[in-house]
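Everything on this sheet refers to the single structure shown next.
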Amino acid sequence: MTKVKRWIGLLLLLVCVLLGIWLVQDNPLEVTVTLLGFSLYQLPIGIWLLAAFLAGSVLSYVLGLPGYFTQRAQTRRLRSQLALAETALKKLQSKASKG
């Protein structure tokens with residue numbers, strides 16, 4: 001199953017790269033972007049669009065990490081509580097069957 005996921009991921013990456021190339025080729029007009037009063041490089045607008053998309057993707061990923069780690073910690077804690085409860089239940093069932 002992991003091989004299938006890997007191939008699907010590689011296929012999606014290839015599609016994204018091809019769409020990015022297509023976007024850059026369809027938007028060749030060179031512009032200079034001003035960010036916070038500083039003029040940046042003069043590049044095709046397609047590259048600026050890709051850079052903005054990638055920056056937003058990375059930023060959303062980084063901002064989502066704390067919630068992910070919180071959920072992992074909570075899942076680990078709940079699994080250990082479940083294991084303790086199952087152990088206690090087995091002990092009670094064995095005592096009930098003996099008594």
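Only the coordinates and a few stated rules stand behind these numbers; no lab work does. Note that the structure is predicted; figures quoted are calculated from it, not measured. For neighbour counting, all protein chains shown are included, and Cβ atoms are generated from backbone atoms with ideal geometry for every residue, glycine included.
Given contacts defined as C-alpha pairs under 8 Å and at least six residues apart, what's the relative contact order of the chain, whole-number percent?
Here the relative contact order equals 15 percent.
7 Å from Cα along Cα→Cβ at both Cys16 and Thr32: what's the point-to-point distance in nm?
Between Cys16 and Thr32, the simple spin-label model gives 3.2 nm.
Using only the alpha-carbon atoms, how far is helix 45-98 inclined from the longest principal axis of the chain? Give it as 0 to 90 degrees, nearest 10.
Computed tilt is about 0 degrees.
Just checking my list [x] 9.4; [y] 8.4; [z] 10.9 against mean projected area of the Cα convex hull in nm² computed from this structure; which label fits?
[z]
Taking K and R as +1 and D and E as -1, what net charge do the other residues with C-beta under 14 Å from the C-beta of Leu13 add up to?
Value of the local net charge: +2.
Peptides 27-39, 11-23: what's the order by average Cβ count within 10 Å, highest mean first?
11-23, 27-39
Would you mind calculating the gained length between Leu23 and Lys95 on full extension (0.36 nm times residue separation, minus the Cα-Cα distance), in nm to one decimal?
Length gained between Leu23 and Lys95: 18.9 nm.
Using only Cα atoms, find the angle between the long axis of helix 2-26 and the longest principal axis of the chain, and express it within 0 to 90 degrees, rounded to the nearest 10.
That works out to roughly 20 degrees.
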